[in-house]
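What follows is a set of notes on a single structure, which appears directly below.
The values are calculated or read from the model by the stated rules, or taken from the named source; none is laboratory data. Computed from a prediction, not measured in an experiment: that's the story for all the values here. Here the Cβ positions follow ideal geometry from the backbone for every residue, glycine too, while neighbour counts run over all protein chains shown. For the accessible areas, the whole protein counts, side chains as well, though only heavy atoms, and no ligand, DNA or RNA atoms are used. Shrake-Rupley method; radii C 1.70, N 1.55, O 1.52, S 1.80 Å.
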Amino acid sequence: MLDKVYYDDLETRSSDARHAAQLEAVNANLARTAAAEGSCLPEIGKLKYLDDLAHLPVLRKSELAKWQADKPPFGGIPVSNIAHVFQSPGPIYEPGGVGHDWWRMGRFLHAAGFGPGDIVQNCFGYHLTPAGMIFENGARAVGATVLPAGTGQTELQVQAARDVGTTAYAGTPDYLKIILDKAEEMGVSLKITKAAVGGGALFPSLRQEYKDRGITCMQSYATADLGNIAYESAALEGMIVDEGVIVEIVTPGTGDPVAPGEVGEVVVTSLNPDYPLIRFATGDMSAVLPGHSPCGRTNMRIKGWMGRADQTTKIKGMFVRPEQVAALVAKHDEITRARVIATREGEQDAMTVQIESPNDTPDNYAQSITDTLKLKGTIEIHTPGSLPKDGLVIEDQRSYD
């Protein structure tokens, strides 16, 4: 049954009302950034129409990192009402607030059926990066109780879920299966009936496995910088764009909008007055779906995550970037080339690191791989000159059908 009780009236407003409110919010944020002392943003006048956003420059993570290095910690962007500072790979620093639904994750959790009476086992990380706090803030917004579990220690996760009566899971798509399998191994019965996942692709086969186990699983699309961008509802037809952002789909590497329905890079303007990011390029690919969701929410829909505009790839919930692969090669004089391959083993992500080196001992590189890529994986040694010369340093072999 499709959900008919909405988080608020914003979800069902008319397009005209939404556009008028968004235009007012964008112009307020543009004025706020223009008035900020030491702002790195160019002077931008008041917009007459939302479509005028397409004439403004796109802000990329590499530029944001440079701004932050020049004017720490937030690069001259006017930030207010924050309670936390987080660090993501780059490094890039993000502010975080504790106000009601500051990252707008409550809207997604409400659509996923989370609410008062639920105990949410939050298996997103709380260390430096903001994912754990993002979902905790959303759970509080819908009145749920949070078990701040973080990642790892699966046996303890099972014990805690049993002892406190966890009813809902928040975390990466893969890790719930690890918890459930461990619970079966331990002979423990859990009460989890709903899951809200992000940080990686939710493959159809994995969603079906959860359904077969009596768990409804929905996914959101969010980033550390922007918070929630889009989310699934019970209709499971695309992802509905959040009410607190404006999403454009542009030709990768440019700021030019693509034709409706075409695949392009997701560029997001945040309406959050506490951290106004204007035309922030996510590096992710998606496309607009025509029409409205059958659940009754009237905002634009996108198809969800459709890969990266560059070779940056998310594996086990962590981004692996070409510059990290380059850093691995630079650590060892004998390595001539390296290639990261993302695959699936069962219902879990797997990573293989192929290295061109005359040294045929994979263990010699295990620690360097963990240090630079922040993940462990299978290591393959190849003779120098044998890897493909196709320009790829990260290859995603996973099927998203």
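Remarks
- Scope the range 235-247; condition in contact (Cβ under 8 Å) with a residue 24 or more places away in the chain and out of contact with any helix residue (DSSP H, G or I) (no Cβ under 7 Å at 6 or more places or on another chain); matching residues: 235, 237, 238, 239, 240, 241, 244, 245, 247
- Residues that are closer than 18 Å to residue 331 by Cα and outside any strand (DSSP E or B), drawn from the range 347-366: 357, 358, 359, 360, 361, 362, 363, 364, 365, 366
- For the condition over 21 Å from residue 94 (Cβ atoms), among the hydrophobic types (A, V, I, L, M, F, W, C), at pLDDT below 90 and open to solvent by 10 Å² or more (accessible area, probe 1.4 Å), residue 285 qualifies.
- Residue in the range 214-231 that is in contact with a strand residue (DSSP E or B) (Cβ under 8 Å, 6 or more places away or on another chain), without any contact (Cβ under 8 Å) to a residue 40 or more places away in the chain and either among the basic types (Lys, Arg) or within 25 Å of residue 293 (Cβ to Cβ) (or both) present: no
So that you can scan it fast, the table gives a plain yes or no per residue for (1) farther than 24 Å from residue 15 by Cα; (2) in a loop (DSSP other than H, G, I, E, B); (3) touching a residue at least 24 places away in the same chain (Cβ under 8 Å):
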site: 283; (1), (2), (3): yes, no, yes
site: 291; (1), (2), (3): no, yes, no
site: 294; (1), (2), (3): no, yes, yes
site: 297; (1), (2), (3): no, yes, yes
site: 314; (1), (2), (3): yes, no, yes
site: 319; (1), (2), (3): yes, no, yes
site: 329; (1), (2), (3): yes, no, no
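- Restricting the first member to the range 21-40 and to residues that are on the phi > 0 side of the Ramachandran plot, and the second to residues that are at pLDDT 90 or above and open to solvent by less than 60 Å² (accessible area, probe 1.4 Å), the beta-carbon pairs closer than 9 Å and six or more apart or on different chains are 38/76.
- The set of residues in the range 353-378 that are β-branched (Val, Ile, Thr) and crowded, with 19+ Cβ neighbours inside 10 Å comprises 353, 355, 369, 372.
- Scanning the range 43-78 for residues that are farther than 20 Å from residue 282 by Cβ, of a type in the set (A, V, I, L, M) and out of contact with any helix residue (DSSP H, G or I) (no Cβ under 9 Å at 6 or more places or on another chain) returns a single hit, 69.
- Within the range 76-99, considering residues that are assigned to a loop (DSSP other than H, G, I, E, B) and touching a Lys or Arg at 6+ places or on another chain (Cβ under 8 Å), the one farthest from residue 129 (Cα to Cα): 78
- Scan the range 309-322 for residues that are open to solvent by 40 Å² or more (accessible area, probe 1.4 Å) and within 23 Å of residue 125 (Cα to Cα) and the total you get is 4.
- All conditions in (1) in contact (Cβ under 8 Å) with a residue 40 or more places away in the chain; (2) assigned to a strand (DSSP E or B) hold for residue 369, with the sole exception of (2).
- The range 13-46, residues that are buried (at least 17 other Cβ atoms within 10 Å of the Cβ), in contact with a Phe, Trp or Tyr (Cβ under 9 Å, 6 or more places away or on another chain) and modelled with pLDDT of 95 or more: 23
- Close pairs (8 angstrom Cβ cut-off, 6 or more residues apart or separate chains): closer than 15 Å to residue 187 by Cβ and open to solvent by 100 Å² or more (accessible area, probe 1.4 Å) in the range 151-164, of a type in the set (Gly, Ala, Ser) and in a helix (DSSP H, G or I) anywhere: 162/183
- When the range 122-149 is filtered for residues that are open to solvent by less than 10 Å² (accessible area, probe 1.4 Å), closer than 22 Å to residue 186 by Cα and either in a loop (DSSP other than H, G, I, E, B) or in contact with a Ser or Thr (Cβ under 6 Å, 6 or more places away or on another chain) (or both), only 123 remains.
- Criterion violated by residue 347 - all others in (1) at pLDDT 95 or above; (2) in contact with a Phe, Trp or Tyr (Cβ under 9 Å, 6 or more places away or on another chain) satisfied: (1)
- Some residue of the range 294-304 being within 18 Å of the chain's Cα centre (by Cα), over 27 Å from residue 171 (Cβ atoms), crowded, with 21+ Cβ neighbours inside 10 Å and not acidic (Asp, Glu): no
- Some residue of the range 100-109 being free of Cβ contacts under 8 Å to residues at least 40 places away in the same chain, buried (at least 20 other Cβ atoms within 10 Å of the Cβ) and of a type outside the set (A, V, I, L, M): no
- Among the criteria (1) open to solvent by less than 10 Å² (accessible area, probe 1.4 Å); (2) without any contact (Cβ under 8 Å) to a residue 24 or more places away in the chain; (3) of a type in the set (Asp, Glu), the one residue 333 does not fulfil is (1).
- The range 53-88, residues that are under 14 Å from residue 278 (Cα atoms) and acidic (Asp, Glu): 63
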